[in-house]
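The values are calculated or read from the model by the stated rules, or taken from the named source; none is laboratory data. Bear in mind the structure is a predicted one, so any value in this text is a computation, not a measurement. Every residue, glycine among them, receives a Cβ derived from its backbone with ideal geometry; neighbour counts consider all protein chains shown. These accessible areas exclude ligands, DNA and RNA; they are computed on the full protein's heavy atoms, side chains included. Shrake-Rupley method; radii C 1.70, N 1.55, O 1.52, S 1.80 Å.
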Amino acid sequence: MKILPGLALIALSLSLAACGDKKGEAGKPAGEPIAAVPAPAGTSWAETITQTPEGHWVMGNPNAKLKLVEFGSFTCSHCRDFATEASEEIREMVNSGKMSYDFRNYVRDPIDIATSLLARCGGKDIYYPLSEQFFANQTAMFEKAQSLGDARYQALMSAPPAQRFGQLAQAVGLIDFAKQRGIAEDQAKQCLADTAAAEKLAKGVEEANSQYEITGTPTFLINGVVVENTAAWSQLKPKLKEAGI
């Protein structure tokens, strides 16, 4: 069976990054207090999603002075904890117009790929709420994944690339989960069969590793600078304050 180059990595593991391990060197952001920027009439910044030329979906004022990027994984417990603790306050900061937030899928394994494809399947307007719901479902997803057993998992990974993630998502309950949140089954299966989208996610990991030397998730950037030794909201929040929020 022929496997596309990037998907050959997905069949095993996409990156050496661990969940929670951090790199040791980075700059320290600092700045003067940033003035609030009202959203256009009838809108809120937290509901304003713009697409970058690279295909990232950014929440908030596209011209915000402070730009927060998270490289996160749907199969990382630290990323789940961060989403649980930080989402509400991040929305408040984004709504001030001072900060934008860019959650980038840092895929580490095939289940991560399948979840990321589904999170992006409904488009930019539901990407963030759906991503939060996938994090909330992480424990249930893990339980179903563990019940598969090695033989079943290997059989799923041996499927052709266009079928692999759909079969895996079905086996761990992700398609049913997405259906309950407004994504039709046919649409979900079409997204999961999109090998070009899967390749793009894999390439994004390679590019992030090359540019930022990521060793763990979540990893954060403030205005393009890696925030060192920071994996929890309690660690990141004061650094955002230092940067002017």
Requested in this report: Scan D81, D125 and give me the residue that is of a type in the set (D, E) and surrounded by 17 or more Cβ atoms within 10 Å (Cβ to Cβ).
Outcome: D81
Query - Residue list for the stretch 38-63, restricted to those being part of a helix (DSSP H, G or I) and in contact with a helix residue (DSSP H, G or I) (Cβ under 6 Å, 6 or more places away or on another chain) - result: W45, A46
Query raised in the report: Can you name every residue in the stretch 64-78 that is part of a loop (DSSP other than H, G, I, E, B) and open to solvent by 10 Å² or more (accessible area, probe 1.4 Å)?
Result: K65, T75
Query raised in the report: Which pairs do you get when a residue that is within 17 Å of N223 (Cα to Cα), found in the stretch 32-54, comes within reach of a residue that is open to solvent by 70 Å² or more (accessible area, probe 1.4 Å) and assigned to a loop (DSSP other than H, G, I, E, B), reach meaning Cβ atoms under 8 angstrom, with the pair 6+ apart or on two chains?
Result: I34/K65
Query raised in the report: Can you tell me which residue in the stretch 224-244 is farthest from A208 (Cα to Cα), limited to those that are open to solvent by 10 Å² or more (accessible area, probe 1.4 Å) and assigned to a loop (DSSP other than H, G, I, E, B)?
Result: A243
**Report entry** Counted residues, the stretch 144-165 - those being open to solvent by 20 Å² or more (accessible area, probe 1.4 Å), assigned to a helix (DSSP H, G or I) and touching a residue at least 24 places away in the same chain (Cβ under 8 Å)
**Finding:** 4
Query - Evaluation of K23 against (1) closer than 26 Å to E199 by Cα; (2) charged (D, E, K, R); (3) surrounded by fewer than 22 Cβ atoms within 10 Å (Cβ to Cβ); (4) modelled with pLDDT of 95 or more (one fails), failing number - result: (4)
